[in-house]
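What follows is a set of notes on a single structure, which appears directly below.
The values are calculated or read from the model by the stated rules, or taken from the named source; none is laboratory data. Quick caveat: nothing in here was measured; it's all calculated off a predicted structure. Positions of Cβ are backbone-derived with ideal geometry, glycine not excepted, and every protein chain shown enters the neighbour counts. Protein only, heavy atoms only, side chains kept; ligands, DNA and RNA dropped before computing areas. Shrake-Rupley method; radii C 1.70, N 1.55, O 1.52, S 1.80 Å.
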Amino acid sequence: MREIVRARLAAMAAPRNSDDAELAALRAALRDERLMRHVIAIVERWPALTAEQREVIAALLGPGAAV
């Protein structure tokens, strides 16, 4: 998927205005993907959560939770 987005971005970047909405969306998708890979790499280094920590997180993310 990333290769497809990069190819589309490269094809669009030269002939289009830099404030083109579709071009901006493609750039955002690539940026978001890089950020997610970074976050995942960091989180994978963390120690495993305890049962209590998982319950707290689940409660925070549950329906109606105020985040």
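Can you pull out the residues in segment 33-67 that are within 30 Å of residue 4 (Cβ to Cβ) and assigned to a helix (DSSP H, G or I)?
33, 34, 35, 36, 37, 38, 39, 40, 41, 42, 43
Could you please find all residues in segment 20-32 being closer than 16 Å to residue 3 by Cα and either of a type in the set (A, V, I, L, M) or not in a helix (DSSP H, G or I) (or both)?
Residues satisfying the conditions are 23, 25, 26, 28, 29, 30.
Here's the yes/no breakdown for (1) open to solvent by less than 100 Å² (accessible area, probe 1.4 Å); (2) among the acidic types (Asp, Glu); (3) modelled with pLDDT of 80 or more; (4) within 17 Å of the chain's Cα centre (by Cα):
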| site | (1), (2), (3), (4) |
| --- | --- |
| 28 | yes, no, yes, yes |
| 34 | no, no, yes, yes |
| 37 | no, no, yes, yes |
| 43 | yes, no, yes, yes |
| 47 | no, no, yes, no |
| 53 | yes, no, yes, no |
| 59 | yes, no, yes, no |
| 64 | yes, no, no, no |
| 67 | no, no, no, no |
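Considering only segment 1-21, state which residues are surrounded by 11 or more Cβ atoms within 10 Å (Cβ to Cβ) and modelled with pLDDT of 75 or more.
Listed by number, the list holds a single entry, 20.
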